[in-house]
Amino acid sequence: MIRPRWDLLRTGFERADRATSRRRSAQDQEMVERVRLRLTDYAAEWALSQDAFARMAAALHTSWGAPTDRRPGAPASIHWAAGADTTLVLEHTGDSVHLELVTNKRLSLDDELLRMDEEGLL
């Protein structure tokens, strides 16, 4: 499965030519679908990142309440509703821990892509 690993942050310092104006109007109609932060360095040992995941999960449980979804496995993740349209996701990828704010639409599309990949449709 191919997933984008970055996005361009528009700073407002672009050149003001015609092509830029068209591109800017197209970008204004889009929105950020996900903000992802790596909370730990890449760890060679599972125990270090697992401990960080458990401690962050406990802190988020204290702040946000009970999670709305838990997904064991690799990668393991815990989800909290962060409004009507977004979800806060804590993810343990094995070698690091990530915290992500993602739109529910994007999360649903990711789940669909994963299901299609598992069924060999991609």
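Bear in mind that the values in this text are calculations on the coordinates, not laboratory data. All values reported here derive from a predicted model rather than from experimental measurement. Here the Cβ is made from the backbone with ideal geometry for all residues, glycine too, and neighbour counts use every protein chain on show.
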Review point. How far apart, in nm, are the 7 Å Cα→Cβ label points at Asp51 and Ala81?
Key: 3.6 nm
Review point. Taking the Cβ-Cβ separation of Glu118 and Thr93 as r and a Förster radius of 22 Å, what is the calculated FRET efficiency to the nearest 0.05?
Key: 0.80
Review point. Counting Lys and Arg as +1 and Asp and Glu as -1, what is the net charge of the other residues whose Cβ lies under 13 Å from the Cβ of Ile78?
Key: 0
Exercise for review: Could you tally the net charge around Ala47, taking each other residue with its Cβ under 13 Å from the Cβ of Ala47, Lys/Arg +1 and Asp/Glu -1?
Suggested key: -2
Practice item. Compute the Cα gyration tensor for the range 36-122, then decide on rounded, prolate or oblate, letting a ≥ b ≥ c be the square roots of its eigenvalues: rounded whenever a/c is under 1.5, prolate when a/b is larger than b/c in the other cases, and oblate in all that remain. Key: oblate
Practice item. Determine the dipole magnitude for the range 40-122: charges of +1 sit on the beta-carbon of Lys and Arg, -1 on that of Asp and Glu, nothing else is charged, the reference point is the Cα centre, and the result goes in debye to the nearest 20. Key: 340 debye
